[in-house]
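What follows is a single structure, written as structure tokens, with notes after it.
The values are calculated or read from the model by the stated rules, or taken from the named source; none is laboratory data. Treat the numbers as computed from the prediction; the structure is a model and nothing was measured. Heads up, the Cβs are rebuilt from the backbone with ideal geometry, glycines too, and the neighbour counts pull from every protein chain shown. Areas reflect the complete protein model, heavy atoms only, side chains present, ligands, DNA and RNA absent. Shrake-Rupley method; radii C 1.70, N 1.55, O 1.52, S 1.80 Å.
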2 protein chains.
Amino acid sequence: MNDTSTPYFEELNDELVVVFNNVMWIEEAALKQSYFSDITLKDMHTIDAISMYSEKSASQVAKMIHLTPSAMTTAIDRLVDKGYIERRRSDKDRRVVRLGLTHKGRVVYRAHQEFHRDLTHNLLKDMQESEIQTVRRAIHNLVSYLRNVRNIKGEPWNI
Amino acid sequence: MNDTSTPYFEELNDELVVVFNNVMWIEEAALKQSYFSDITLKDMHTIDAISMYSEKSASQVAKMIHLTPSAMTTAIDRLVDKGYIERRRSDKDRRVVRLGLTHKGRVVYRAHQEFHRDLTHNLLKDMQESEIQTVRRAIHNLVSYLRNVRNIKGEPWNI
DNA sequence: TGATTTATTTCGATAGTCAAACTAAATTGT
DNA sequence: ACAATTTAGTTTGACTATCGAAATAAATCA
């Protein structure tokens, strides 16, 4: 069937717009009210890209979150000053800066993950296994489409 | 059942994170490559808040998109200069500025709506009516939850 | 009418971004 | 081996978006 013909298409579309236009803002606001009010959502994404265990170079992280190298440098400065991440020069190649989370960084990282797990938990509220499969398929459709848009544009992307 | 126990929870969660972390960026990038490369996604949200028919005051729009009045003023200046919106002093109350879209503004507005309808269309790809209902329920769950978070924080919100 | 409230604007300060120039280290070609 | 090139990151200067505080202007209230 043509899925745009369902009577619920408009309603669903409107709610999706609400979600997309507001998740970021809510995330930002939640952060401001938390113990970690000194970082922005963009900072959080930097921390998220560095992630728990694997050390990444500054330029790897820059690509993942679509920042230029110079903007990455100042973003790192900020987060180092605030005590969330560490900068270490690689021994193998002394040009590269390896990034890692400090204890404080790991704490926010986990809190942020928890925020997202909460969202997913609530998305699936009161759903049966078969329904969860359907939702999973829908989200997977969306990710595939976005991946595709990215390829058309020929830009790097952090998926 | 406890929905966090489904074996697909982690997978779904990861994909959702991908969607949230990237939709904004993709939207931004798509805009940059379009005919409307002179506006940012934030500008687009301003245009979206003004919307097609109902004229809104500057402060109403500011609240909807979580900008301070002063930031709203300069955002409006920007978009007036670029020819997307119009500023008209209300006759009823000459303090208030009523905002409306120009022809150009209405064109981007529709293009942006089309972008979102595309997302929804792809979310529902190859789904049957009953499955669409399930997805709709899931998204509705999420919106309710976000609305709730907003209320807890006691902040205004544009839903 | 004078005081207060409301809607918006202006101003000064700050933060984040980019592009271009630069430094330092590694790699390549001869 | 070593000069030229490439790569990784930093610095600098310019620009834009944002905020908070003060200013302006219009409406409303006592």
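Rounded to the nearest 100 Å², what is the sum over both chains of accessible area buried where A meets B, with a probe of 1.4 Å?
In total, chains A and B hide about 7100 Å² from solvent.
Considering just Cα atoms, how many Å³ per residue does the convex hull of region A:38-123 enclose?
Taking only Cα atoms, region A:38-123 has a hull volume of 97 Å³ per residue.
Distances between copies of A:E28, taken at a point 7 Å out from Cα along the Cα→Cβ vector and listed shortest first: 1.1 nm. If you count Lys pairs in region A:38-123 whose Cα atoms are under 20 Å apart, skipping same-chain pairs closer than 8 places in sequence, the total is 8. Of the solvent-accessible surface of region B:39-123, computed with a 1.4 Å probe and all protein chains present, 52% belongs to carbon and sulfur.
Hey, what number do you get for chain A at 222 nm if only DSSP H runs of n ≥ 4 count, each worth -39500 (n - 2.57), divided across all residues, to the nearest 500? Mind showing how you got there, number by number?
On the way: 6 runs with 101 residues, N = 159.
Rounded to the nearest 500, it is -21500 deg cm²/dmol.
Which is the longest part of chain B that has none of the chymotrypsin sites (Phe, Trp or Tyr not before Pro) sitting in a DSSP loop with at most 10 other Cβ atoms within 10 Å? Result, exposed sites excluded: B:54-159. Which FRET efficiency value, to the nearest 0.05, is calculated for A:R147 and B:H66 with the Förster distance at 35 angstrom and r the Cβ-Cβ distance? Step by step, r from the Cβ atoms, then E = 0.75. Here the label points at A:S54 and B:D81, each 7 Å from Cα along the C-beta direction, are separated by 4.3 nm in the simple model. Close amide-amide hydrogen proximity is noted between B:V96 and B:S90, each under 5 Å apart and 5 or more residues distant or on a separate chain (H modeled in the peptide plane; Pro and chain starts excluded).
Each of B:E10 and A:K104 was given a label point 7 Å from its Cα along the Cα-to-Cβ line. The distance between the two points is 3.0 nm.
Straight-line reach from B:K125: taking Cα to Cα under 24 Å and skipping same-chain neighbours fewer than 8 places apart, the lysines in range are A:K125, A:K153.
Got the A:K125 label distances to the other copies yet, label 7 Å along Cα→Cβ, in nm, shortest first? For A:K125, the inter-copy label distances come out at 2.9 nm. For region A:1-78, the list of GluC sites (Glu not before Pro) that fall in a loop by DSSP and count at most 16 other C-beta atoms within 10 angstrom reads A:E55. Considering the rotation that superimposes chain A on chain B, the residue of A whose beta-carbon lies nearest the axis, and that distance in Å, is A:T134, 2. The other copies place their B:M52 label points at 4.7 nm from this one, listed shortest first, where each point is 7 Å from Cα along Cα→Cβ.
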